[in-house]
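K.L.:
Please see the structure below; I have some questions.
The values are calculated or read from the model by the stated rules, or taken from the named source; none is laboratory data. A quick note: this is a predicted structure, and the numbers were derived from the prediction, not measured. Here the Cβ positions follow ideal geometry from the backbone for every residue, glycine too, while neighbour counts run over all protein chains shown.
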């Protein structure tokens, strides 16, 4: 298992923990993952809901909460800490500036096309900073569009690319029919994106790792998607059922008790399909119930809050705090595989062991000259 390199940042274990909002992946989970040699991610989505003045002072609450979570993470680890920022967030520019000011190692920009981000940062005086910028896309076409725009207008390209396939949890960059039919395999998306990025790597003489996400749960999954060209994997669902995850126990238990058929696609109020675990709240909404709310500030630019049947930020925050009857849990397609709460260190050991075993099997399949004992000694 090779190390992941993003510019001058070296990551010992090529695992990026998914940034899960609202208040699912904060400093606790991020620091634990970073301490194991991966990249720990803090989700900036509605992060200010953890602050008492959010409804009155939402912008400042979001900035303050993100500052505090980065500082907490830094106090708990010397490892690599990243921030996940949705472009659909009304205040995504404010949050990006906070991440850079606080010295985050990486920012992953998703849920929209970050076409003007380099220009915005330059206009704001950010010309020399440590933070690496990664983009999250669902296709090679989207990656090409962003790379071409950044290269042509700003003479730079992203530092990394996360390709999130249709088996991921939360809001998805696919049409609903693409999710309910036969989804495009992740390895195809990876191979296409690697080929697209290679052209720009050659032009800028810069290595840009492609990171695979969506439906990756085991070391077996890791090995095979990295054989397709991914330099690392991003995993969210696998880290929810850990002691260090910042979500409530009830939220974690919803993963452990769910069945495969409980994982469903919903229509989110923000205009995107999403993958979640079916529960009473979701069923009530599907049957036409509404949860009236007062929108404080239209936190997501794509949300038509005047017609939305409920506030998705509040529903997700309720679930994160254990009020499952007033919200629901987003999850990846493999959430049903979770059977227990583990420590992050245990998850890493399992993933590395599974990866090594799959690598050993692959070598055995390719060569009849190497004995199983020799391969076993090499793996351990």
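K.L.:
Can you find a residue that is touching a helix residue (DSSP H, G or I) at 6+ places or on another chain (Cβ under 9 Å), at pLDDT 90 or above, at positive phi and not assigned by TED's automatic domain parsing to the domain that holds residue 49 anywhere in region 318-325?
P.N.:
yes
K.L.:
Any idea which of (1) modelled with pLDDT of 95 or more; (2) over 30 Å from residue 182 (Cβ atoms) is the one residue 292 doesn't satisfy?
P.N.:
Going through (1) modelled with pLDDT of 95 or more; (2) over 30 Å from residue 182 (Cβ atoms) one by one, residue 292 breaks only (1).
K.L.:
Conditions first: (1) closer than 25 Å to residue 238 by Cα; (2) without any contact (Cβ under 8 Å) to a residue 40 or more places away in the chain; (3) in a helix (DSSP H, G or I). Residue 107 passes all but one, so which condition is the exception?
P.N.:
(3)
K.L.:
Which fully enclosed strands (runs of 3 or more DSSP E) of region 1-95 have 2 or more residues being closer than 26 Å to residue 323 by Cα?
P.N.:
39-43, 80-86
K.L.:
Between residues in region 172-185 that are more than 18 Å from residue 213 (Cα to Cα) and residues that are at pLDDT 85 or above, which pairs lie under 8 Å by C-beta distance while being six or more apart or on different chains?
P.N.:
Qualifying pairs under 8 Å: 176/265; 176/267; 176/273; 180/265.
K.L.:
Looking only at region 316-331, filter to residues that are part of a loop (DSSP other than H, G, I, E, B) and in contact with a strand residue (DSSP E or B) (Cβ under 9 Å, 6 or more places away or on another chain); which one of those is farthest from residue 250 (Cα to Cα)?
P.N.:
331
K.L.:
Looking only at region 332-359, filter to residues that are part of a loop (DSSP other than H, G, I, E, B) and more than 21 Å from the chain's Cα centre (by Cα); which one of those is nearest to residue 258 (Cα to Cα)?
P.N.:
Out of the qualifying residues, it is 339.
K.L.:
I want to confirm something. Restricting to region 228-245 and keeping residues that are in a strand (DSSP E or B) and under 11 Å from the mean Cα position of the chain (by Cα), which single residue is farthest from residue 159 (Cα to Cα)? Let's see the steps before the verdict.
P.N.:
Taking region 228-245 first, the residues in a strand (DSSP E or B) are 232-235, 242.
Those still in the list that are under 11 Å from the mean Cα position of the chain (by Cα) too: 233-235.
Details: 233: 16, 234: 16, 235: 19 Å.
Ranking the candidates gives 235 first.
K.L.:
Okay, moving on. Is it fair to say residue 68 is surrounded by fewer than 18 Cβ atoms within 10 Å (Cβ to Cβ) and within 20 Å of residue 27 (Cα to Cα)?
P.N.:
Working: surrounded by fewer than 18 Cβ atoms within 10 Å (Cβ to Cβ): yes; within 20 Å of residue 27 (Cα to Cα): yes.
In short, yes.
K.L.:
Continuing with the same structure: Which one of these does residue 78 not meet: (1) at pLDDT 95 or above; (2) buried (at least 18 other Cβ atoms within 10 Å of the Cβ)?
P.N.:
Status for residue 78: all satisfied but (2).
K.L.:
Given the residues 20, 86, which is the only one that is in contact with a strand residue (DSSP E or B) (Cβ under 8 Å, 6 or more places away or on another chain), buried (at least 22 other Cβ atoms within 10 Å of the Cβ), closer than 24 Å to residue 225 by Cα and in contact (Cβ under 8 Å) with a residue 24 or more places away in the chain?
P.N.:
20
K.L.:
Now for a different question. Taking only region 130-155 into account, find how many residues are in a loop (DSSP other than H, G, I, E, B) and loosely packed, with under 15 Cβ neighbours inside 10 Å.
P.N.:
Result for region 130-155: 2.
K.L.:
Give the residues of region 202-226 that are surrounded by fewer than 19 Cβ atoms within 10 Å (Cβ to Cβ), touching a residue at least 40 places away in the same chain (Cβ under 8 Å) and not in a loop (DSSP other than H, G, I, E, B), sorted by residue number.
P.N.:
First, the residues of region 202-226 that are surrounded by fewer than 19 Cβ atoms within 10 Å (Cβ to Cβ): 202-207, 218, 220, 224.
Those still in the list that are touching a residue at least 40 places away in the same chain (Cβ under 8 Å) too: 203-204, 206-207, 218, 220, 224.
Matches in region 202-226: 203, 204, 220, 224.
K.L.:
Name the single residue, out of those in region 158-174 being assigned to a strand (DSSP E or B) and at pLDDT 95 or above, that is nearest to residue 217 (Cα to Cα).
P.N.:
Step by step, filter region 158-174, then rank; the result is 164.
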